[in-house]
Amino acid sequence: MNIHEYQAKQIFAKYGVPTPRGIIANTPKEAVKAAQELGGSIWVVKAQIHAGGRGLGGGVKLARSTAEVGELAREILGMTLVTHQTGPEGKLVQKVYIEEGADIKDELYLGVVLDRAKEMPVIMASTEGGMAIEDVAHNTPEKIIKVAIDPAIGFQGFHGRELVFGLGITDKAQQAKFISFASKLYKVYMENDAEMIEINPLIKTGSGDFLALDGKMGFDDSALYRHSDIEEMRDISEEDPDEREADRYGLSYIALDGEIGCMVNGAGLAMGTMDTINYMGGTPANFLDVGGKANAETVAKGFEIILKNPNVKAIFVNIFGGIVRCDRIANGILEATKMVDVHVPVIVRLDGTNAEEAAVILANANIANVISATDLADGALKAVKAARGEA
Ligand code: GDP
Ligand code: MN
C-alpha cells in the first residue's frame, strides 16, 4: 500500500525527520487559508496523487502571494495529472498540499528499500537529487551510494560515515545533521514495516539544514494489520476498485490488457500460465491468484471480477491442487456458473490433490461452456483458440 506525500511527511515529522511545514487542502479556499496560516512570502502548491513526476506534469507550482496560492489550487484541483508514473490516463487530483517555500541550495536523493538479494534494507543516497533516480542508476550508477544495514545491529555510526563520505559532505556539523537525518529515516522504515521510502529531493537549505522536500512511502501489505494508523491513511480512490474487491476475498488480482482471463493458485504458477498463454500466441487479461484458501465463494467471486473486464474472451482455470483441493475448485466453478453469467468458454485444468474427483464433478455437471484440458500446454492452447472463437 502507498500513501500520499503529505502523509509520509506526517510520519517523518513524528520521528523528527525534518520537513517543510505544510497544510493539506481540498478546495482553493482552504488552500488560501492554509497559506495564511503558514505565513511567509512564498508557498508551494503540490498535487497529492500516488505517483511521482508531478513537477514535470504541472502538479507542483510556486506561489508568491496567498491569492496566487488560491489560483494555483483552483488550477491543480480537479485536473487529471499525467506523469511518467500515472500511465497515459493520468490521475485525478483531489487534494493539494500547501507548503512553505524552501530555500534550496542543493538537491540530494535519499531512499530506503529492501534488497532481496542481500536480505537487508539498503539506504541509497545520491548527490543527483531532483531527477528520476532510475535515470541516475542507468547513466551514472557510480553516483548512487548504497549502504546495506543488517537489521540485527541496526543503523550504526559507520553506516552514517559511509553515507556522508560517499556524498562528499565534509563539514563536521553537516555530517552530523545528515547522519542524524538518515538514522531517523531508517527508524521510520523499520518501525512502520515500510517496503520503500524515497526522498527526492532531500534539500540542503541556505542555512545548511537538511529537509525532506518530497516524500514517498510504500508498505508491506502483509504487515498492515499491526499498523492501524497507516491502514487509516489508505486512499481508496487511488486504488484499482477490482483489485480492492479481490483483496477483500483474499484473492490477488492484477488487471492486464489481454483477452484471456486466468484463474490460478500460486504466484509462480500464475507467471508460468501467463508465459504459456503468450507462447501459444495469446495474451493474459489478468493475474488472479486464488491462493491456498480457495472455496466455492472465492472462485465465484474470481469469475465475477474477471468477467467484469469486457476484453475477456475466454477463461483459463489452471489449478495445481496441494493445500487447495481440486474438487473444491470444481464445485466452485459449478457455483460460479450459477451465481454469475459465465458467457465465455472456460478451459479447466485441475491437477494434483483430488483431481480425479474434480474431473467427475465437472463431467457430471456437463456445462456447455466448460472445456477440460489435460495439462498446462493443452489448456493454454485451448484457451488461445477459444478466445479466437476457434474452440
Ligand atoms: P515530484 O515531481 O512528484 O517528484 O514532486 P517534488 O515534490 O519532488 O517536486 C518537484 C520539484 O518542485 C522539486 O524537485 C523542486 O525542484 C520543486 N520544489 C518543490 N518544493 C519547492 C520549494 O519549496 N521551493 C522551490 N524553489 N522549489 C520547490
Ligand atoms: Mn520528487
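Observations on the model:
- Cα-based helix-to-principal-axis angle, 267-279 vs the chain, degrees rounded to 10: 70
- Surface composition of the chain: carbon and sulfur make up 51 percent of the accessible area, probe 1.4 Å.
- Whole-percent pair-distance distribution, where bins are 10 Å wide, for the alpha carbons of the stretch 77-175: 12, 31, 32, 20, 5
- Mean accessible surface per residue for the chain, computed with a 1.4 Å probe while every protein chain stays in place, in Å²: 47
- Positive end of the dipole of the stretch 1-110 (Cβ unit charges, origin at the Cα centre): among His84, Pro28, Leu62, the Cα lying farthest that way belongs to Pro28.
- In this Cβ point-charge picture (+1 for Lys and Arg, -1 for Asp and Glu), the stretch 6-75 has a dipole of about 160 debye about its Cα centre.
- Translational D in µm²/s for the chain (Stokes-Einstein at 4 °C, 1.567 mPa s, Kirkwood Rh from C-alpha pairs): 55
- Simple Cβ-charge dipole of the stretch 99-149, Lys/Arg +1 and Asp/Glu -1, about Cα centre, in debye nearest 20: 380
- Principal-axis tilt of helix 28-38 within the chain, Cα atoms, nearest 10 degrees: 40
- Whole-number percent relative contact order across the stretch 232-391, with pairs defined as alpha carbons under 8 Å at least 6 apart: 23
- For the chain, the longest principal axis of the C-alpha atoms and the axis of helix 66-76 are separated by about 20°.
- Per-peptide average of other Cβ atoms within 10 Å, ordering 231-238, 54-61, 94-101 highest first: 94-101, 54-61, 231-238
- In this structure, Tyr225 and Glu134 have a Cβ-Cβ separation that, at R0 = 35 Å, corresponds to a calculated FRET efficiency of about 0.65.
- Kirkwood-Stokes translational diffusion coefficient of the stretch 1-149, alpha-carbon pairs, 10 °C, 1.306 mPa s, µm²/s: 95
- For the stretch 126-285, the residue among Gly218, Leu269, Thr205 whose Cα projects farthest onto the positive side of the dipole built from Cβ charges is Thr205.
- The charge dipole of the stretch 76-218, taken about its Cα centre with unit charges on the Cβ of Lys, Arg, Asp and Glu (plus for the first two, minus for the last two), comes to roughly 240 debye.
- Restricted to Cα atoms, the stretch 275-391 shows a radius of gyration and a Dmax of 12.9, 34 angstrom.
- Taking the convex hull of the alpha carbon positions in the stretch 162-204 and averaging its projected area over all directions gives 3.3 nm².
- Alpha carbon Rg of the stretch 120-236, scaled by the compact-globule rule 2.2 N^0.38 Å: 1.12
- Anchor Lys338: lysines whose Cα lies under 24 Å away (excluding residues fewer than 8 positions away in-chain): Lys293, Lys301, Lys308, Lys313, Lys382
- Selected from Glu134, Glu304, Glu259 as most flexible by GNM, with the chain as the system and alpha-carbon contacts under 10 Å: Glu134
- Taking 25 °C and 0.890 mPa s as conditions, the stretch 206-292 diffuses translationally at an estimated 156 µm²/s according to Stokes-Einstein applied to its Kirkwood radius (Cα pairs).
- Across the options Met124, Thr298, Leu185, the greatest Cα extent toward the positive end of the charge dipole of the chain (unit charges at beta carbon of Lys, Arg, Asp, Glu) belongs to Leu185.
The values are calculated or read from the model by the stated rules, or taken from the named source; none is laboratory data. Everything numeric in this text was worked out from a predicted model, so none of it was measured. Cβ coordinates were reconstructed from backbone atoms using ideal geometry, including for glycine residues, and neighbour counts include every protein chain displayed. Heavy atoms of the whole protein, side chains included, go into the accessibility calculation; ligands, DNA and RNA do not. Shrake-Rupley method; radii C 1.70, N 1.55, O 1.52, S 1.80 Å.
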